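A.B. asks: Below is the structure I would like to discuss, written out as structure tokens.
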Amino acid sequence: MSMGTLEIGFKRYYEAQSMPPDRVSGLLGRRNPRKSTILLRRFSLAAMLTLVATCGLWIGGKFLATERLAGKVALEIALNHEKNKEVQYRTGNYRELEKMLDKLGFPLRPEGLPGLEQYQLAGGRYCSVDGEPAAQIKLRDPQSGTLVTLYVARSLERFARIRSRKMDLGAIQVRIWNQGGRFFGLAGEGIP
Amino acid sequence: MKEAERMVQEGYRYALALTHNREDAEDLVQDAWLKLRGKEDSLPDKPLLFITIRHGFIDRLRRDNLVPFHSMEDMGEKASSEPEPEGAWSDEQWEYALAKLRVEEREALFLNVMEGFTAGEIADKTGNNRNAVLSLLSRGKKKLARWLLEVKSPGHRAGLG
């Protein structure tokens, strides 16, 4: 086979590949105000500044760094929820999901948030939170049927310092908390 | 907007060469684009987009503790002596053959064939040395030729997955 023929075929194959139009539009349209990245960032900054102003108890580098991290993590969680990625593993059983995501090495069942135990597990996938390996889990609200996204990571020192709170980032609410040696982030509409 | 769309699609094709998985490629491009557009108001330049996509791909491999699989075909290829098949190959057949390549081989071929980079330029971009890139290109092409011939052989049924 001549190398010219191979290269022509290779080029033809890749030139025919394209990202779906709706995904491209969504990507390029993220500068629009409705649920845009910029809007979410502004809300996160406002939420963070409000927290700093209303708490305002002590000015310390560590406190501000933790608040910045909380805002950054909440924004990352909200953005990832918006991407609405397909689950990698479909299951309604946490033990089964832990086996499928066995590289994480920690339990995935959420703790410490009353009301969340009613939500039904739909599945999960690997992801990261602030660069740390995490599980991204889809839960279904039994009342409305809508999906919310739960992130579970190890409660590393920098996460453990984050105080539990709920934030409104545009149309999405985000709750972050630590419990049982794990860091949790919940994103969606109408979350507990 | 046209320029942005064109750049997104070019980034997607590069991401597809790395991942050989459409959904993963879409995710890589999206992450890279959001990262770059968040920092600057202007359109990101293509080399930077490609670098960001590549870094995102490597980060995912590390995070998922994935080790690129080196198939047994890597252990000494022999020159194909089968007759040249005629006609074109379907996308499915190309996907089958491309899946047989190592990530590094697919990437080197993509940068050479699609982007027109020389082996030296590819070496700079990927942190390899020039001779290693030449080897990747040569082996990648031989493998593609071999698997495309295989997929055309009677009784073979190519499919995704």
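The values are calculated or read from the model by the stated rules, or taken from the named source; none is laboratory data. All values derive from a computational prediction rather than experimental measurement. Counting neighbours? That spans all protein chains shown, and the Cβs are built from the backbone with ideal geometry, glycine included. SASA here: full protein model, heavy atoms, side chains in, ligands and nucleic acids out. Shrake-Rupley method; radii C 1.70, N 1.55, O 1.52, S 1.80 Å.
A.B. asks: Of the numbered conditions (1) assigned to a loop (DSSP other than H, G, I, E, B); (2) at pLDDT 80 or above; (3) within 14 Å of chain B (Cβ to nearest Cβ), A:Glu7 satisfies every one except a single condition; which is it?
C.D. replies: The number of the failed condition is (1).
A.B. asks: In the stretch B:35-91, how many are assigned to a helix (DSSP H, G or I) and modelled with pLDDT of 65 or more?
C.D. replies: Qualifying residue count for the region: 22.
A.B. asks: In the stretch A:10-22, what residues are open to solvent by 50 Å² or more (accessible area, probe 1.4 Å) and part of a helix (DSSP H, G or I)?
C.D. replies: A:Lys11, A:Arg12, A:Glu15, A:Pro21, A:Asp22
A.B. asks: Please enumerate the residues belonging to the stretch B:128-144 that are part of a helix (DSSP H, G or I), surrounded by fewer than 21 Cβ atoms within 10 Å (Cβ to Cβ) and not hydroxyl-bearing (Ser, Thr, Tyr).
C.D. replies: Correct list: B:Arg130, B:Asn131, B:Ala132, B:Leu134, B:Leu137, B:Arg139, B:Lys142.
A.B. asks: Among the residues of the stretch B:1-55 satisfying the criterion of being basic (Lys, Arg), within 10 Å of chain A (Cβ to nearest Cβ) and within 13 Å of the chain's Cα centre (by Cα), which is least open to solvent (accessible area, probe 1.4 Å)?
C.D. replies: B:Arg13
A.B. asks: Name the residue that is most open to solvent (accessible area, probe 1.4 Å), counting only residues in the stretch B:111-127 that are farther than 21 Å from B:Ala97 by Cβ and assigned to a helix (DSSP H, G or I).
C.D. replies: Among them, the one singled out is B:Asp124.
A.B. asks: Looking at the stretch A:144-165, which of its residues are without any contact (Cβ under 8 Å) to a residue 24 or more places away in the chain and under 17 Å from A:Glu189 (Cβ atoms)?
C.D. replies: A:Gly145
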